[in-house]
Amino acid sequence: MNSKADFMNEGIKLEVLKSPNAKKRYDLMEGDMLIASLNYPKRFTKSASVEIGNKRWQISRSGFWKHHYEIISEQSPYSKWKLDKNWRGLVSLRMEDNRQFNLRKKGFWKTTWIWVNENEEPVIELQSCGWPQKKRGIITVFSRPDEATIWLCTIGWFMLLCAEEDAAAVATPGA
């Protein structure tokens, strides 16, 4: 049986799979079980819907020079969050239960992002596997997964995809 230390080191691994049937849909899977999905209504848009069980949220990125993210809940309580990036690329989020989380890039070369709590302890690590593959990434959850943790996984994955698309647009000649 795994100890708590083993769990904190290994965590729970969720695979991010790109759906072959939809233009732009990502499913977070634990084995064969669907945990959450991120569904874009159009291919080249910076907005998506997050589905976890029977709950939904809308997330979008807007702003020209300084991007910010807006998240709107479609169920009660009808919460709305506005997340700004600071000059170092850090995004801070305070949950409804007053827990504080920060999303930041880990390392320099790899596309890995990490959510940390107010004690700077890693909670979630998001790692992209590249564009053309069906398996787009691995999300490691270092705490006991609950709805809020899974929600952070989907929000973080949306932000990671926005950053990858921005980097690809800058790197493309003539763009």
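The values are calculated or read from the model by the stated rules, or taken from the named source; none is laboratory data. Worth saying up front: this structure is predicted, and the values here are computed from it rather than measured. Please note: Cβ atoms are built from the backbone with ideal geometry, for glycine as well, and neighbour counts cover all protein chains shown.
Tabulated data for the structure shown
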item: Region 17-36, residues that are without any contact (Cβ under 8 Å) to a residue 60 or more places away in the chain and surrounded by 13 or more Cβ atoms within 10 Å (Cβ to Cβ); result: SER19, ALA22, LYS24, ARG25, ASP27, MET29, GLU30, LEU34
item: Any hit, region 78-85, residues being in a strand (DSSP E or B) and free of Cβ contacts under 8 Å to residues at least 12 places away in the same chain; result: yes
item: Residues (surrounded by 10 or more Cβ atoms within 10 Å (Cβ to Cβ) and touching a residue at least 12 places away in the same chain (Cβ under 8 Å)) located in region 86-98; result: GLY89, LEU90, VAL91, LEU93, MET95, GLU96
item: Condition met for PHE101 (in a loop (DSSP other than H, G, I, E, B) and either surrounded by 12 or more Cβ atoms within 10 Å (Cβ to Cβ) or not charged (D, E, K, R) (or both)); result: no
item: Residues of region 133-171 classified as exposed (fewer than 12 other Cβ atoms within 10 Å of the Cβ) and among the hydrophobic types (A, V, I, L, M, F, W, C), total; result: 5
item: Of residues in region 49-75 being surrounded by 12 or more Cβ atoms within 10 Å (Cβ to Cβ) and aromatic (Phe, Trp, Tyr), the one nearest to ALA36 (Cα to Cα); result: TRP57
item: Options TYR40, TYR78: the member that is aromatic (Phe, Trp, Tyr), surrounded by 14 or more Cβ atoms within 10 Å (Cβ to Cβ) and either at pLDDT 90 or above or more than 18 Å from LEU161 (Cα to Cα) (or both); result: TYR40
item: Residue list for region 104-135, restricted to those being of a type in the set (Asp, Glu) and either under 19 Å from VAL16 (Cα atoms) or part of a strand (DSSP E or B) (or both); result: GLU125
item: Some residue of region 86-94 being under 23 Å from ILE12 (Cα atoms), within 17 Å of the chain's Cα centre (by Cα) and not in a strand (DSSP E or B); result: no
